[in-house]
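S.K.: Okay, handing you the structure first.
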Amino acid sequence: MAHNHEHSHSHSHDHAHEHEGGDLNKRKIIQLISGIILFATGLVLKKAFPDEVTYHFAIFGISYLILGGEVVWQAFKNITKGQIFDENFLMSVATIGAFAIGDFPEGVAVMLFYQIGEYFQDAAVQKSKKSITSLMDIRPDYANLKRGNDTEKVAPDTVKIGDIILIRPGEKIPLDGSVLDGESMLDTSALTGESVPRSVKAGEAVLAGCINQSGVLTVEVTREFGESTVAKIIDLVENASSKKAPSENFITTFSRYYTPVVVGLALLLAVIPPLFFGGAWTEWINRGLIFLVISCPCALVISIPLGFFGGIGAASKRGILVKGSNYLEALNNLDTVVFDKTGTLTKGVFEVRGLYPAGETTKEHLLEYAAKSRKLF
């Protein structure tokens, strides 16, 4: 009964994550479709009734709030934190400015194209995360916690240091610990890549994520689940994008200086010609805002991390774990690759292809000696 309960708990947890991701996608699609319908309605209305500026403003304004409201809000929040110059600020200033001079469609269009780009970016990242998470099949589902003479199946993250757990043949080791009783062979390939099983007995340490192959082990837990080897590996791979490559760091630094320079130039472009050369204020403010929009480095800032994340996701589909984008970039300078373990490029499963006895020994005798020597070991 306990097993069914635990299984359903684990399943519902995974389902909740999928459900949450689905809800976010649905919300984004509804947001885009609503914004596009209102934008298209505004364009038709503007052409049919060019003088009804109030209606134009109302329809384009609602479309703008649907598509760009979160961008403006994010820009405001960043300003309160002291982070003024970023792409949210650039787009907010440019689009609000476009509304101020009466170019409503232009203001909405910037937010629309930005949101479409964001949607495709989110879809790519979600796809990569899914392929990475599906690769991490070393996550244990449950732990057999000993309570007196009985065992109870519980979630690994509820087990404390010092608790005693039982690991039966075929089960994953849920937490790092020390063997109190029992002797077994462990499949450590998920953690180390080593295909040859390792033997363990009382007094030796075992790591979460390994598979118990033969005997029953009684283990005293030495680390909580959050600190266990398997949890750290999963966290490392799922958050691989946090280890930034040099090119990512360059882009971050670049945008920090680039954005204020662009805002300054746009301001000069809007102010200097009308003040000193008799240009029309409306025309030059409009040009300054256009300059702001086309200079927004969103694509540049997004493309590098997205490229690395896509690479990490594509590698994980093929069974290759990349622990950070800095390691992925290091492959650019790769010259020689050395593989040290059986099981890295091969499966470590061997078979006899031929028997070649020396001297007068027959094949049958050779097989007999080989069988006897195996018994000795």
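S.K.: Scan region 214-225 for residues that are closer than 25 Å to Val349 by Cβ and part of a loop (DSSP other than H, G, I, E, B) and report the count.
M.R.: Qualifying residue count, region 214-225: 2.
S.K.: Hey, does region 274-286 have a residue that's modelled with pLDDT of 80 or more, under 22 Å from Leu112 (Cα atoms), of a type in the set (D, E, K, R) and open to solvent by 20 Å² or more (accessible area, probe 1.4 Å)?
M.R.: No, the conditions are met nowhere in region 274-286.
S.K.: Output the residues belonging to region 152-189 that are out of contact with any Gly (no Cβ under 7 Å at 6 or more places or on another chain), open to solvent by 50 Å² or more (accessible area, probe 1.4 Å) and closer than 8 Å to Leu217 by Cα.
M.R.: Within region 152-189, Arg168, Leu180, Asp181 qualify.
S.K.: Just checking, which of Lys244, Lys232 is assigned to a helix (DSSP H, G or I) and at pLDDT below 75? Explain how you work it out, then say what you get.
M.R.: Values: Lys244 fails: assigned to a helix (DSSP H, G or I).
It is Lys232.
S.K.: Moving to a separate point now. Where residues in region 97-116 are over 16 Å from Ser295 (Cα atoms) and open to solvent by 40 Å² or more (accessible area, probe 1.4 Å), which of them is nearest to the chain's Cα centre (by Cα)? So that I can check it myself, show each step before the final result.
M.R.: Residues of region 97-116 that are over 16 Å from Ser295 (Cα atoms), as a first pass: 99-105, 108, 112, 115-116.
With the extra rule that they be open to solvent by 40 Å² or more (accessible area, probe 1.4 Å), the set shrinks to 100-101, 103, 116.
Details: Ala100: 40, Ile101: 41, Asp103: 39, Ile116: 20 Å.
The extreme case among them is Ile116.
S.K.: May I ask you to list pairs of residues, at least six apart or on different chains, whose Cβ atoms are under 6 Å apart, with the first in region 327-356 being of a type in the set (Lys, Arg) and the second being modelled with pLDDT under 80?
M.R.: Lys341/Gly193; Lys341/Glu194
S.K.: Shifting gears a bit: Take the residues in region 60-92 that are over 12 Å from Val110 (Cα atoms) and among the polar types (S, T, N, Q), then tell me which one is farthest from the chain's Cα centre (by Cα).
M.R.: Taking the candidates together, the pick is Thr80.
The values are calculated or read from the model by the stated rules, or taken from the named source; none is laboratory data. In this text the structure is predicted, and so the values were computed from the model without any measurement. No Cβ is skipped: glycine too gets one built from the backbone with ideal geometry, and neighbour counts run over all protein chains shown. Note: accessible area is taken over every heavy atom of the protein model, side chains too, but ligands, DNA and RNA are not part of it. Shrake-Rupley method; radii C 1.70, N 1.55, O 1.52, S 1.80 Å.
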